[in-house]
Structures are given as C-alpha cells and as structure tokens.
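Novice: Below is a structure I'd like to ask you about.
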Amino acid sequence: MADASPAVAVSGVSKVFNPGRPNEVHALDDIDLRITPGEFVTLIGPSGCGKSTLLRLIASLIPPSDGAVEVNGKSAEQARLDQDYGMAFQKAGLFDWRTVARNVELPLELMGWSKSKRRTRAAEMLDLVRLDGFGDHHPAELSGGMQQRVAIARALSFEPSLLLMDEPFGALDEMTREHVQDELLRIWADRGTTVVFVTHSVPEAVYLSTRVVVMSPRPGRISSVVDIELDERSALVRDAPEFHEAVTEVRKALRAVEGG
Amino acid sequence: MSERATVGASDASSAPGAGRGRGLLPRIPEPVVAGVVILAVWEGLLALVQPEGFVLPAPSSIVGALFTNAGTIWTATRITGWVIVSGLVAGVIFAVCAALLVSRFRLAREAITPVAVAVNAIPIIALAPIFNNWFGLTSVRSNQLIVVLLVSFPVFINTVKGLSLADAAQIELMESYAASKWRITREVRVPTALPLFFTSLKLASSLAVIGAIVAEYFGGRQDALGPMITQAAGLTRYDEAWAAVLAGTLVGAALYALAVLAERRLMPWHATVRSGGES
C-alpha cells in the first residue's frame, strides 16, 4: 500500500478573493500539501494565514483560483458530491429544531438511509461521544462541550474516511477541551480516519497531530512542517519532556513566521 | 455527572407556571381575572352613571342582544367567517409561495419584491368599491380579495426576512453534504423562518377580520356581519351592533388561538431555546 493515493493532495493552489477589485486579498499562494490516509494533520498559524481557507478548499466549499485539490484520488468537488468527508466547525452548528439524535442522523437522511438504520447508527455515535441517553434532548438543553461532541458525532456518523475540523474546540473551556480532545484521539485511533484540523493553540496542535503544518500570512504560505512523534497520547504526555520539546519547536516556527 | 445537572436545571426552568397559584386565586389564569374585572367595572360604572344607551351599552345587554338575535348573528358570522378564513388561507399560501421563490431565485427577488412593496402602498380597503364593480355588488369575491391582499404583505415580508436569517455555518454544513438548494431551504431556511412566520400569521389573523368586515360595509352578502353592524347602528340598536362586533371578535380570537396552537405544535424546540439561555 506504499503508493496508495493520498487522502488529500493539494498542488500549486492559490486563492485570491475579490480579484481585480480594491478589496482583493491573496489568501493563499502556491500551496503544496500531501496527506496520507490515517494521518492527523494540523494547520496552525496567525490569523489571516489562510488556514481556514485551505480547509474550505479541501472541502470544495470554495474553488481554488489556481492549482488543484484532490481528495481520495478524485477532484475535491467530486469528493464532496460523493460525501467522502465529514466536517465540524467552531460553532457546533446544530439544528435547534432537531433532537440530538436527529442532528446526528442528518447526513444519513441526506444519503437516503432507512429510518431504522439511522436510529441504530445515531445511538452508536452518541455512545461513542459518551452522550448516550441524550438522543431525545434538544441542543439548547446541552452545554457547549456536549453540543460540540454532538457535532463530532454528526461528522462521523457516516464513517467518512476524512474528517475536516475548523477550530472545533475553540469555544470550549480548558477542562472540556482536553476531554473532547482525548475523545477525538480515541475515535481517530479506533477508526483510522484521516483528520485535517485547524487551530490557534500550539499545545492542542502538538497533542493531537502526527504532523503540524505552520503557515505564514499575507499571502498564506506553508512556512514549515513539524513531525510530532509521541509514544502515547494521554494526560501524562502533556507533562512529558518530548511533548514540551515539540511545543517549543512549533512555537519557534511560529515566531519565525510572525517575525518575518 | 455535571452534564445531568445542566440538563436538569434547564428542564426545571422551562416547566411552565411552576410554583404559581398563590393566595386566593388558585389556578385561575391572570388574563381571565383581568377580563372579568374589566367587564365588572364596565357594567358597574354604567349602572352608577346611567348614560343614554347609545353611548355604550352594558356588557349584559350586548350578551342579551347576542342571544335574542342568535339566528341572524350565527348566519352572519358563518358568511363573514368564510370570507375571513378563505381569504386568510389563500393570502398566506400565496405569500409563503412568493417568499420561497424570492429567497431561492434572485430573478424572482428582483421581480416580486418591488411589486409587493407597491401593492402594499395602496390603501387596500379603498379598493373595495372598485372590486364590488368587478365582481358584482353582492358577491363575496371582492371581500375575499380584499382579505387576500391585506394579509399577504405582512406574511410575505416576514417570511422573506425569516428565510434570510438562516445560519451561514448550517448552510455550509449542508453544502458539505452536497445537499440541493431546495433541501437546504427545507432543512435550514424554513425552520429558521418559522418564528417570524408565526408572528406575521397572528398579525394577519386580526387583519383578516378587520378587512372582511370593513369590506362588507361596501358590498357583498347583505346578511353578513358588516351590513348587520351598519344597519343596527343606523337604527340606533347599539346593543345589536356591539353583539355583531363581539361575534367578529370571537372569530378573530379563535383564529389567533389556532395560530398559537400551530406555533406550539410545529416549533416544540422554541420554548426550550428561549429558556435554555444559550443562543
């Protein structure tokens, strides 16, 4: 499987918003990035570095101005139409008018699953994010951390091979955040899902990722890539010297970006 | 464990009227108490001051007139009620369809919105005599058309606004699932628009009553509520005129109550959203 097609292949991609207008913005310039299946890749960088834009390009929610994005060996557009990926945002984006279980079922409904299959899967997924018993609640009755876990369950419900996450834990307090991070890592390890993750937080990037992609702003470029090699991800590793070394390495890379 | 606590707390705060029923008035809703007090003061004041009957009949004589004229008032209420309900239903369906088109297609937006605003600028009741000439002086069609025009605009404007309030992240999520535009409308825009739609529906239910009765002053069936009010008032039978007004009021109140019931039935999440404290 050495030459299996990459989960994500971004080649020579640039993105210009409002081209030819006074508010023209070069969001991304000549980005190359290959992500192999099963990797956990985090995009990090100061605001305006285009990390969210890059994620939206991979999701084919916006088209590139130049270059090509491939997902699972096909165009990003085709991958979106084939529902190859699940997505989660900083806002949980749950539908207030649906119960928690029916929020998780939403992508399955769009894919035409039968009601009984949807029910079963939603229950499994809520179990996975440790929200069993909350299926009949409405999202407004849940705390922010619980809502975010519902959003993750929804993104995972149809077992996509790729998970795209845009600062999904940004609005959570520290305790909840660490808890949900561990949950995500457990799911990632269990299912072998490829994850592309956007964050501001260096410790979060190091704790979660196999690879951290550091980006620089105006125009957005990849300035360095840091491979993270941690034996085990658990609360203990957050105090381990190799964790702090990795954090320092990413911080240095970020400082170089902000200095330049 | 803290999760359970969160849910329990919001459940308790959303329980309706928990811990009310105080003092001497157990389990009597406040509006009923207020209504009874107002009627009692009205009746008592008229008994004390004793003005001439045409100024303001007492509630008891209005209710009396309602019973002595029960047959004609019931017929009139059915005729006017049909104008109100048919006009309201047609107007709401028309307005909602237009709003869906406008929110979905830019071309429709540019074509329909200015026309809607222009139609709304017309004093619609003033068209009643003209419509009577179109449809015939004793036809209810002109009255129905007045009601349709009167209720369409508020429902249209509010529904368009509601459909446009959909959350960008939710729409992006639907796009990530390759959902069609109509699917996004159904799953995201329509539920988002429901609160504003129901606000406009409640407004429209009162407008429909006003529109129907005032339109009937100018033409339509002569045994409807409108002509009954003008004739009774012309003959200084004020208790009878007020009884007819009361009948129209009851139709309006019933429609309003139906709108509230439909709102509760179709938006069970809304109460929890409002009391949940997270928006």
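Novice: Filter the range A:179-202 down to the residues that are among the hydrophobic types (A, V, I, L, M, F, W, C) and in a strand (DSSP E or B) and list them by number.
Specialist: Scanning the range A:179-202 gives A:Val195, A:Val196, A:Phe197, A:Val198.
Novice: Cβ-Cβ below 6 Å, separation at least six or inter-chain, first residue in the range A:180-205 and hydrophobic (A, V, I, L, M, F, W, C), second assigned to a loop (DSSP other than H, G, I, E, B) and crowded, with 23+ Cβ neighbours inside 10 Å: which pairs?
Specialist: Pairs that qualify, where the first residue is hydrophobic (A, V, I, L, M, F, W, C) and the partner is assigned to a loop (DSSP other than H, G, I, E, B) and crowded, with 23+ Cβ neighbours inside 10 Å, are A:Val180/A:Phe169.
Novice: Filter the range A:206-229 for residues that are without any contact (Cβ under 8 Å) to a residue 24 or more places away in the chain and not acidic (Asp, Glu) and give the result.
Specialist: Within the range A:206-229, A:Val225, A:Ile228 meet the criteria.
Novice: Can you name the condition, by its number, that B:Glu172 falls short on among (1) in a helix (DSSP H, G or I); (2) more than 14 Å from chain A (Cβ to nearest Cβ)?
Specialist: Of everything listed in (1) in a helix (DSSP H, G or I); (2) more than 14 Å from chain A (Cβ to nearest Cβ), B:Glu172 misses just condition (2).
Novice: Suppose the filter is β-branched (Val, Ile, Thr) and within 18 Å of B:Ile93 (Cα to Cα); does B:Val190 pass it?
Specialist: So B:Val190 passes the test.
Novice: Then there's this: Where residues in the range A:90-146 are more than 12 Å from chain B (Cβ to nearest Cβ) and within 30 Å of A:Ser201 (Cα to Cα), which of them is modelled with the highest pLDDT?
Specialist: Among those residues, the one meeting the criterion is A:Val104.
Novice: Could you please let me know if B:Ser205 is more than 14 Å from chain A (Cβ to nearest Cβ) and not aliphatic (A, V, I, L, M)?
Specialist: Considered against the rule, which asks whether it is more than 14 Å from chain A (Cβ to nearest Cβ) and not aliphatic (A, V, I, L, M), B:Ser205 comes out as yes.
Novice: Residues being assigned to a helix (DSSP H, G or I) and surrounded by 19 or more Cβ atoms within 10 Å (Cβ to Cβ): count how many of those fall in the range B:175-184.
Specialist: 2
Novice: For the range B:247-270, enumerate the residues that are touching a helix residue (DSSP H, G or I) at 6+ places or on another chain (Cβ under 6 Å) and not hydroxyl-bearing (Ser, Thr, Tyr).
Specialist: B:Ala247, B:Gly248, B:Val251, B:Gly252, B:Leu255, B:Ala259, B:Glu263, B:Met267
Novice: Further question on the same structure: Do we find that A:Met165 is in a strand (DSSP E or B), aliphatic (A, V, I, L, M) and within 14 Å of chain B (Cβ to nearest Cβ) in this structure?
Specialist: Yes; evaluated as a whole, the condition is true for this residue.
Novice: On to the next question. Which residues, taken from the range A:71-82, are surrounded by 19 or more Cβ atoms within 10 Å (Cβ to Cβ) and within 9 Å of chain B (Cβ to nearest Cβ)?
Specialist: Scanning the range A:71-82 gives a single hit, A:Arg80.
Novice: Continuing with this model, one more query. For residues in the range B:160-169 being farther than 19 Å from A:Arg80 by Cα and not in a loop (DSSP other than H, G, I, E, B), which is farthest from the other protein chains (Cβ to nearest Cβ)?
Specialist: B:Val160
Novice: Tell me which residues, restricted to the range B:161-173, are under 15 Å from A:Ile62 (Cβ atoms) and among the aliphatic types (A, V, I, L, M).
Specialist: B:Ala168, B:Ala169, B:Ile171, B:Leu173
Novice: Now for a different question. Which numbered condition trips up A:Trp188, out of (1) surrounded by fewer than 23 Cβ atoms within 10 Å (Cβ to Cβ); (2) hydrophobic (A, V, I, L, M, F, W, C); (3) more than 24 Å from A:Glu105 (Cα to Cα)?
Specialist: Of everything listed in (1) surrounded by fewer than 23 Cβ atoms within 10 Å (Cβ to Cβ); (2) hydrophobic (A, V, I, L, M, F, W, C); (3) more than 24 Å from A:Glu105 (Cα to Cα), A:Trp188 misses just condition (3).
Novice: Being surrounded by 21 or more Cβ atoms within 10 Å (Cβ to Cβ), more than 9 Å from chain B (Cβ to nearest Cβ) and not charged (D, E, K, R): is that true of A:Ala68 here?
Specialist: Spelling it out, it is not the case that A:Ala68 is surrounded by 21 or more Cβ atoms within 10 Å (Cβ to Cβ), more than 9 Å from chain B (Cβ to nearest Cβ) and not charged (D, E, K, R).
Novice: Of the residues that sit in the range A:161-185 and are in contact with a Phe, Trp or Tyr (Cβ under 6 Å, 6 or more places away or on another chain) and at pLDDT 90 or above, which one is surrounded by the most Cβ atoms within 10 Å (Cβ to Cβ)?
Specialist: Filtering first and then ranking leaves A:Leu164.
Novice: Could I ask something else about it? So A:Tyr85 passes all but one of these: (1) surrounded by fewer than 24 Cβ atoms within 10 Å (Cβ to Cβ); (2) within 14 Å of chain B (Cβ to nearest Cβ). Which condition number does it fail?
Specialist: (1)
Novice: Looking at A:Val225, is it surrounded by fewer than 20 Cβ atoms within 10 Å (Cβ to Cβ) and in contact with a Lys or Arg (Cβ under 7 Å, 6 or more places away or on another chain)?
Specialist: Considered against the rule, which asks whether it is surrounded by fewer than 20 Cβ atoms within 10 Å (Cβ to Cβ) and in contact with a Lys or Arg (Cβ under 7 Å, 6 or more places away or on another chain), A:Val225 comes out as yes.
Novice: Search the range A:36-51 for residues that are farther than 17 Å from A:Leu184 by Cα and pair each with any residue that is part of a loop (DSSP other than H, G, I, E, B) when their beta-carbon atoms are under 6 Å apart and the residues are at least 6 apart or on different chains.
Specialist: Matching pairs, first to second residue: A:Thr36/A:Pro6; A:Pro46/A:Pro217; A:Gly48/A:Pro217; A:Cys49/A:Pro217; A:Lys51/A:Gly45.
Novice: Considering each of B:Phe135, B:Phe153, B:Phe105 in turn, give the residue that is more than 13 Å from chain A (Cβ to nearest Cβ), modelled with pLDDT under 95 and either under 17 Å from the mean Cα position of the chain (by Cα) or buried (at least 22 other Cβ atoms within 10 Å of the Cβ) (or both).
Specialist: Exactly one residue qualifies, and that residue is B:Phe153.
Novice: Sticking with this one: Would you check if A:Ile62 is buried (at least 24 other Cβ atoms within 10 Å of the Cβ) and within 11 Å of chain B (Cβ to nearest Cβ)?
Specialist: Criteria not met by A:Ile62.
The values are calculated or read from the model by the stated rules, or taken from the named source; none is laboratory data. As the structure is a computational prediction, the values presented were derived from the model and not from experiment. As a convention, Cβ positions derive from the backbone with ideal geometry for all residues, glycine included, and neighbour counts pool all protein chains shown.
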